[in-house]
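Data first, discussion second: the structure below is written as structure tokens.
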Amino acid sequence: IMQVSVTGDGQTGAGVFMFGGDAEVAIWERVWQAHRYSPANLAYDVLIAPHHCSWHSLSWDSWSDYGESAVVSADARNALSQTRPGAVVVSSSAAIVDDNNDPPCIRAKREYEAIVAACNGEFRCVADTPVDEPLVMEIGRNGPKFVRVPVARAAAATTGVGSEALP
């Protein structure tokens with residue numbers, strides 16, 4: 001797990017990113033136990049959903065065995081719920097559909113949607129972005145915001161081909 005704080009428009013901490021890696025429920029429970037009296041230490045603007053939006057980050061129960069009866073770990077969910085206003089959870093995964101796959105898991109997606117709904121945020125899956133269009137954020141004084149970058153501009157900026165750079 002890694003947390004990165006980024007300066008934007010001269011504002012220190014304008015964007016806080018939490019990268020969950022492959023951390024499963026046991027890790028998130030330990031993280032919550034270590035920070036439950038200082039939850040601000042876990043606050044984020046952007047969370048990259050752990051393990052490609054896997055249910056294993058939120059529960060000890062197997063999604064394929066228990067389905068909707070699977071129980072969420074309160075401690076793991078608390079650790080993953082420390083949003084800043086307007087926070088975004090991003091799933092770096094295939095499209096999330098209502099099936100038995102895990103990852104990505106539809107129930108995990110619903111948990112993250114509920115988490116960000118409480119802070120007027122949003123859930124995004126990179127697979128829902130049009131083909132070849134990068135998911136780009138700009139960080140300003142008011143935090144990270146998604147921006148739409150035309151594919152030609154993104155390709156020019158990332159490959160060095162072309163004359164136009166990202167703003």
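Looking at the range 82-92, is at least one residue within 22 Å of V31 (Cα to Cα), in contact with an Asp or Glu (Cβ under 6 Å, 6 or more places away or on another chain) and hydrophobic (A, V, I, L, M, F, W, C)?
yes
Can you pull out the residues in the range 65-95 that are over 23 Å from V126 (Cα atoms), surrounded by 14 or more Cβ atoms within 10 Å (Cβ to Cβ) and polar (S, T, N, Q)?
S73, N78
Among the residues of the range 96-109, count how many are surrounded by 17 or more Cβ atoms within 10 Å (Cβ to Cβ) and in contact (Cβ under 8 Å) with a residue 24 or more places away in the chain.
8
Would you please name the residue that is surrounded by the most Cβ atoms within 10 Å (Cβ to Cβ), looking only at residues in the range 111-124 that are of a type in the set (D, E, K, R) and in contact with a strand residue (DSSP E or B) (Cβ under 9 Å, 6 or more places away or on another chain)? I'd like the intermediate steps shown before the answer.
From the range 111-124, those of a type in the set (D, E, K, R) are 111, 113, 122, 124; that's our starting set.
Within this subset, residues satisfying the condition of being in contact with a strand residue (DSSP E or B) (Cβ under 9 Å, 6 or more places away or on another chain) are 113, 122, 124.
On the way: E113: 13, E122: 15, R124: 19.
That would be R124.
When you go through T158, T129 one by one, which is the residue that is more than 14 Å from the chain's Cα centre (by Cα), at pLDDT below 90 and open to solvent by 80 Å² or more (accessible area, probe 1.4 Å)? Walk me through how you get there before you give the answer.
Working: T129 fails: open to solvent by 80 Å² or more (accessible area, probe 1.4 Å).
Going through T158, T129 in turn, the sole match is T158.
If we keep just the residues of the range 54-64 that are open to solvent by less than 50 Å² (accessible area, probe 1.4 Å) and in a loop (DSSP other than H, G, I, E, B), which is nearest to A94 (Cα to Cα)?
Step one: filter the range 54-64 for residues open to solvent by less than 50 Å² (accessible area, probe 1.4 Å), giving 54-55, 57-59, 61-63.
Now narrow it down to the ones that are in a loop (DSSP other than H, G, I, E, B): 54, 58-59, 61-62.
Numbers: S54: 11, L58: 19, S59: 21, D61: 22, S62: 20 Å.
Per the stated criteria, the residue is S54.
Could you figure out which of (1) modelled with pLDDT of 95 or more; (2) surrounded by 13 or more Cβ atoms within 10 Å (Cβ to Cβ) isn't true of S38?
S38 satisfies all of (1) modelled with pLDDT of 95 or more; (2) surrounded by 13 or more Cβ atoms within 10 Å (Cβ to Cβ) except (2).
I'm trying to understand the selection: among the residues of the range 8-27, which are open to solvent by 70 Å² or more (accessible area, probe 1.4 Å) and either closer than 26 Å to L58 by Cβ or without any contact (Cβ under 8 Å) to a residue 40 or more places away in the chain (or both)?
T12, F19, D22, E24
Can you tell me which condition G140 does not meet? The list is (1) closer than 19 Å to G13 by Cβ; (2) at pLDDT 85 or above, and all the others hold.
Here G140 clears every test but (2).
In the range 10-53, which residue that is outside any helix (DSSP H, G or I) and β-branched (V, I, T) is nearest to G140 (Cα to Cα)? I'd like the intermediate steps shown before the answer.
Residues of the range 10-53 that are outside any helix (DSSP H, G or I), as a first pass: 10-24, 36-38, 43-49, 53.
Now drop any that are not β-branched (V, I, T), which leaves 12, 16, 46, 48.
Working: T12: 10, V16: 12, V46: 14, I48: 19 Å.
Restricting to residues being outside any helix (DSSP H, G or I) and β-branched (V, I, T), the top hit is T12.
The values are calculated or read from the model by the stated rules, or taken from the named source; none is laboratory data. As the structure is a prediction and not an experimental result, all values here were calculated from the model. FYI the Cβ positions are ideal-geometry reconstructions off the backbone, even for glycines, and counts take in every protein chain you see. Heavy atoms of the whole protein, side chains included, go into the accessibility calculation; ligands, DNA and RNA do not. Shrake-Rupley method; radii C 1.70, N 1.55, O 1.52, S 1.80 Å.
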